[in-house]
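See structure below.
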């Protein structure tokens, strides 16, 4: 952890109990190694300016900036008895219970409760299927949850069934983060039920199997032995400088421009947008806000028509809604709205948006659906 | 973040064409400006003469007048001529902007520090808005004294400041099969480097008193994704920091305001943002972000877990697709190198696709686990060239070729692609992202 040059030996000794072992005095940086490490300012290209390398090694002896940085970290982290500073308040058992939501593979952290796939089915269809698909197949680009294709094929799609090593992970994740727009909104029994349903979709448990605090950890996931600890570094390259390959053998195997899938207008347009007259900028401002908010908060549902949302661009659908009056539409978008077609969450689930931003998005959506004034 | 099946490519193109129909604000403005200029031939003429009127020997209006006074702009912003230098995203990569990624414009940054407003974004549940007065950090589990800290408490501890990079392990992950990102911003932009200030995690752990059985720690965020990662205690005691400030000011909301973890040199996802809880335990938690995600699938169907380190990497930032060459002559090839294991020791550059290499000059500060700038003078003859950079870190690890990585890992592992990157310079100076064999 602590690599201090010899200048700091004395200070280092002061760091009682720290893992700090001073290095022996550094040999001069060898020219051949091309080391620029530990030097500030100009580190030399090894074979051209050995004199600059000397500057580097001198700097090292007087204590370089990065050594000082490390020393300051070491001092700040100096070993002290627990409670030395006395800052902070004791965390009470009730406070901990409210926040301590994590679950481990051995089942530690699971709360009391239970549920079956049968009980979870309706909940899944209401709260999960719009994104993850009725069979867990994943709508559009939303994650796929079920499937057992082998992991060795071309572009395998990882799912709970073919990839996840532990059922506890599913409980923990659904409980902390799903449904996407309403995290931590499900009761413990609801989580058991919907988790049972996802396991059922993956054919890992029966429809009527009751999942609970004491048996969840024992659910055997097919890929539980599929992981091993990172063995990197796993490749060794050489520092070759001359004749490293035959120039005639070099082939271009890929050129990204042939695919043309990245936005590049911003650097391929020659006109610098900064030069755009200010008047043009302000004229498009409202539009721009509306579009930004729409892209960020509304498009996920109103683009493809998820969850029953009217699709932007579908003129008849919007004309009918427009007849209610703009203020009603904006109010529904701001406050949330349960209609015939589905549930529209307040501000699309993004409460941080200002009312005016949501209003701008509504105008933008109407404009792009041929339903503006 | 996986790349798309071949059959889907055409769909992607169609999708993208659609997206282009709704250009983001700067492009739209440029488009409008362009349209206006073309519409008014007279304007075009006057614009040209206006520009000439400001060049020597003429004296421009800003020299013959005074500018705006203090605090006209209380929090300063870049010049309006730099409006194009922004984070950008590739819309089709993810289903929703709330769980998505944006990229740092590396092609226009200088030195090694990323300005706060340009640090790449990666959220799994959007950016929460947290009042620091209401933020708490709970430290509990296998400890002597479970504690809850306020921001004031945390800022009273002796602090440290270090310059370290943060990189998403999926950086470059779209290119395991082939080159498809047409800009440096998208090939390498999930990468930023800041000066971070906070309390060493070791200090906090000493304050609560860690039990002897504790081996792991769970870090958890206060955001709507409840981001959680297991961190081994050795790392926590080595160089992890609980951070509240970045480049001299409080963290940006996008970077975890008011509090985040920093695990230097490790994949960015472990540096949990909006940090609310640290729990000490005797085993890893195997949460979603360390099983379903952030594990590396190998050709045999098994996967690497706990692949934390960001290995030695480098890329040329000039020239690059965004920064083409104009006329033949002398240039400085510039780039960035970094290693999650320590300092960069050397960087070599090739202009002939890796046949021959020259050592670059490593410039400025050479800090462990930080971006490191390099440069090499080059006399471009105006002809085609294949530019590459190859970094070596202080452990002696040499940045590998893509062929070596594919040989060892196949093409499905998504994360940790740190291969030598190739830019093709065409006759005329245009630069494109290519892969070569």
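The values are calculated or read from the model by the stated rules, or taken from the named source; none is laboratory data. Because the structure is a prediction, the values reported are computed rather than measured. For neighbour counting, all protein chains shown are included, and Cβ atoms are generated from backbone atoms with ideal geometry for every residue, glycine included.
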Quiz prompt | Contacts under 7 angstrom Cβ, first residue in region A:90-108 being more than 8 Å from chain B (Cβ to nearest Cβ), partner surrounded by 17 or more Cβ atoms within 10 Å (Cβ to Cβ) and outside any loop (DSSP other than H, G, I, E, B), 6 or more apart | solution = A:107/A:168; A:107/A:216; A:107/A:217
Self-check item: Number of the exception - residue B:291 against (1) touching a residue at least 40 places away in the same chain (Cβ under 8 Å); (2) buried (at least 19 other Cβ atoms within 10 Å of the Cβ); (3) touching a strand residue (DSSP E or B) at 6+ places or on another chain (Cβ under 8 Å); (4) facing chain A (nearest Cβ under 9 Å)
Solution: (1)
Exercise. State whether one or more residues within region A:191-203 are within 14 Å of chain B (Cβ to nearest Cβ), in contact with a helix residue (DSSP H, G or I) (Cβ under 6 Å, 6 or more places away or on another chain), over 25 Å from residue A:307 (Cβ atoms) and in contact (Cβ under 8 Å) with a residue 60 or more places away in the chain.
Key: no
Quiz item: Going through region B:398-422 one residue at a time, which ones are touching a strand residue (DSSP E or B) at 6+ places or on another chain (Cβ under 9 Å) and more than 9 Å from chain A (Cβ to nearest Cβ)?
Solution: B:402, B:410, B:413, B:414, B:415, B:417, B:418, B:419, B:421
Quiz item: Among the residues of region A:270-284, is any at pLDDT 85 or above, part of a helix (DSSP H, G or I), buried (at least 19 other Cβ atoms within 10 Å of the Cβ) and within 7 Å of chain B (Cβ to nearest Cβ)?
Solution: no
Quiz prompt | Selection within region B:304-327 - in contact (Cβ under 8 Å) with a residue 60 or more places away in the chain and part of a strand (DSSP E or B) | solution = B:304, B:313, B:314, B:315, B:316, B:317, B:318, B:320, B:323
Practice problem: Mind telling me which of the residues B:135, B:188, B:140 ends up being farther than 21 Å from residue B:289 by Cα, in the same structural domain as residue B:272 (by TED's automatic domain parsing) and buried (at least 24 other Cβ atoms within 10 Å of the Cβ)? | Solution: B:188
Practice problem: Taking only region A:312-334 into account, find how many residues are at negative phi and without any contact (Cβ under 8 Å) to a residue 24 or more places away in the chain. | Solution: 8
Quiz item: Counting only residues that are surrounded by 21 or more Cβ atoms within 10 Å (Cβ to Cβ) and at negative phi, which one in region A:131-141 is modelled with the highest pLDDT?
Solution: A:132
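Conditions tested, residue by residue: (1) part of a strand (DSSP E or B); (2) under 27 Å from residue B:166 (Cα atoms).
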site	(1), (2)
B:354	no, no
B:369	no, yes
B:376	yes, yes
B:387	yes, yes
B:391	yes, yes
B:400	no, yes
B:406	no, yes
B:427	no, no
B:434	yes, yes
Quiz item: Which of the residues spanning region B:233-254 are within 17 Å of residue B:290 (Cβ to Cβ) and either surrounded by 23 or more Cβ atoms within 10 Å (Cβ to Cβ) or away from chain A (no Cβ under 11 Å) (or both)?
Solution: B:233, B:236, B:240
Quiz prompt | All positions within region A:90-128 that are within 18 Å of residue B:228 (Cα to Cα) and either in the same structural domain as residue A:212 (by TED's automatic domain parsing) or touching a helix residue (DSSP H, G or I) at 6+ places or on another chain (Cβ under 7 Å) (or both) | solution = A:101, A:102, A:103, A:104, A:105, A:106, A:107, A:110
Quiz item: For region B:126-229, which strands (runs of 3 or more DSSP E) that fit wholly inside it have 1 or more residues that are more than 8 Å from chain A (Cβ to nearest Cβ) and over 30 Å from residue B:312 (Cβ atoms)?
Solution: B:137-141
Quiz item: Quick check: anything in region B:294-301 modelled with pLDDT under 95 and on the phi > 0 side of the Ramachandran plot?
Solution: no
Quiz item: With B:268, B:281 as the choices, which residue is touching a residue at least 24 places away in the same chain (Cβ under 8 Å), under 23 Å from residue B:186 (Cα atoms) and touching a strand residue (DSSP E or B) at 6+ places or on another chain (Cβ under 6 Å)?
Solution: B:268
Quiz item: How many residues are at pLDDT 90 or above and surrounded by fewer than 19 Cβ atoms within 10 Å (Cβ to Cβ) if we restrict to region B:89-98?
Solution: 0
Exercise. Keeping to region B:242-255, report how many residues are in contact with a helix residue (DSSP H, G or I) (Cβ under 6 Å, 6 or more places away or on another chain) and either closer than 28 Å to residue B:283 by Cα or at pLDDT below 95 (or both).
Key: 1
Quiz prompt | Out of B:302, B:341, B:346, sole residue that is facing another protein chain (nearest Cβ under 10 Å) and under 23 Å from residue A:245 (Cα atoms) | solution = B:346
